[in-house]
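Report on the following structure.
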Amino acid sequence: MEQLVDDPLTPANLARKESFGSPTRPLISSPYRAGRRFIFHYTRTLECNDSKAQSLTYSGNGTGTDTYSGTGIVSSNNILTTMVTENNGKHEGDLVRLKCSVQNYDWGRTGHESLVAKMFSSNCDGQIDETEHYAELWMGTHASGPSYVVGEKGIEDLSLKSWILKNPQVLGDVVVDKWGVDLPFMFKVLSVARALSIQAHPDKELAGFLHMLKPNVYKDANHKPEMVVALTEFEALCGFISFKELEAVLESVPEIKEVIGTAYAGQVLPVNEHEKEEKQTQFLQSIFIKLMSAESKVVSAAVTKLISRLTMENETRKLTSKEELALKLENEHPHDIGVIASFFFNHVRLNPGEALHISPNEPHAYLGGECVECMATSDNVVRAGLTPKNRDVKILCSMLTYKQGSPEILKGVPVNEYTKRYNPPFDEFEVEQCVLDQGASVIFPAVPGPSIFLVLSGQGFMYTPSSTTAAAAPLSSPSLSPPSSSSSASSSPLSSPSSSSSSSLSDDMVRGGDVLFAPANTEVHVSTESALHLYRAGVNHLTFLKT
Ligand SMILES: [Zn+2]
């Protein structure tokens, strides 16, 4: 036990830390009312003499009569996390309702056209603005779009991240040991009206470097493998086409050669089978870099030529799906290099229920449709086309693996009569889809890590064995005051859409738009009133088998 002598925890000091870009905010940030006990929580890097966990205790007086206290632990990755202890109520076995954030990016579907808008509106009891874009619903702890827990008095200023910091046991030991006191994954719903940027997400090493270099652009130091599970037909560009397809594209799309120069064509002459793949990768890399770094007037001229040729040919023959896509992309992003670059990528069309996973350093662009998406907790995107946002063409070109060939499409593996699991090759997450007919019920077995449940549509009940000891079976109320009895029927009802609309509804009733956090080691029972469609995001179950 040691005192941080050089780090007096005054409110001013906390504010100073925030201004340095501390990734979390004080739970009760302002005002620091005299006499009010406040909870501090932020993360910072400490230099430790060894990598073993240490523990630190803070207590003292700030300015005026503010008082504060709490404990911190240093996890093995030398990140100090402070948290309060006195309100560290036990929450195993309880489900926690979440209110989630929405992102209004301009590629999102508008108004009632957007599933995200409908989910957000019922999740937060909000009105839908018909002129607004509703692109992404975020469920998780990322600072750019945090989820909040619903307490006894409705939504308090308590983010899921803060609540987890106070109750790290809800993550389970394996997760805390591996990733620290934070949710390792983020869950989203996407409503895509038009193409997102051509992008890739950095691996951990590059993310750390980019975050250090440009913290305003790359806001965290984590990698971001991701997976989409299609809710409607969902279109994407993902990964580079095979070498054979590339050769055909260079022949059939002469405008590409006009950008990269004819000297590049026919450059690859493989010597033997062993060298073939390497040469093909080098060839792809060299022409892709040449293409992406071309001057804008060269690009603009080539795109104009391509579009007028395709428009003319459209009258005499049926265009290929790639050619049709080029016309669509040009319409959305005039004169953009992405229109030409799209010929280099696999054009993937997912049917509802099919999933696509994307590893770090792989190029992709979502084009249209609605999906749920899961990823490691990060928002790092390196963009290079089809976007008005900041482009980092050099970084993108240097980070890609230039792997060629079709991506794997996951169909989901049945885990019971109603549930399918999508298991990508990443430790942080997996997704389950559960479709229940009216009258059906199912149990999600306890798992050693946390889960987020999203009710997509329908109405039913979700509860845990610990919450069924009382007749009313309330969901937990993660309030700041010590819980009197989390399973007691006398707990106040939650002010959530499902419980506030009618007093006859019990607190474990769920319906479309509800989002629930389930702590580690919690069995979750689901029964239905009407057909119920839900998704669970959790830590990849294979991660627990490895430990
Ligand atoms: Zn992405």
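Quick note: the coordinates plus some simple rules give every number you see, no bench work behind them. Computed from a predicted structure; not experimentally measured. Because the Cβ atoms are built from the backbone with ideal geometry, glycine has one as well, and the counts that use them run over all protein chains shown.
May I ask for the distance between the Cα centers of the range 223-259 and the range 405-441, given as a whole number of Å?
The distance from the Cα centre of the range 223-259 to that of the range 405-441 comes to 25 Å.
Expressed in nm to one decimal, what extension gain is obtained for the pair Lys214 and Glu251 from 0.36 nm per residue of sequence separation less their Cα-Cα distance?
Full extension of this stretch gives 9.3 nm more.
For the range 341-364 and the range 141-191, write down the distance between their C-alpha centroids in whole Å.
That distance is 29 Å.
Return the FRET efficiency for the residue pair Ser242, Glu324: r is the Cβ-Cβ distance, R0 is 22 Å, and the value is rounded to the nearest 0.05.
E(calc), rounded to 0.05, equals 0.60.
Between Ala143 and Glu313, what is 0.36 nm times their sequence separation minus the Cα-Cα distance? Round to one decimal in nm.
Additional length available on full extension: 56.3 nm.
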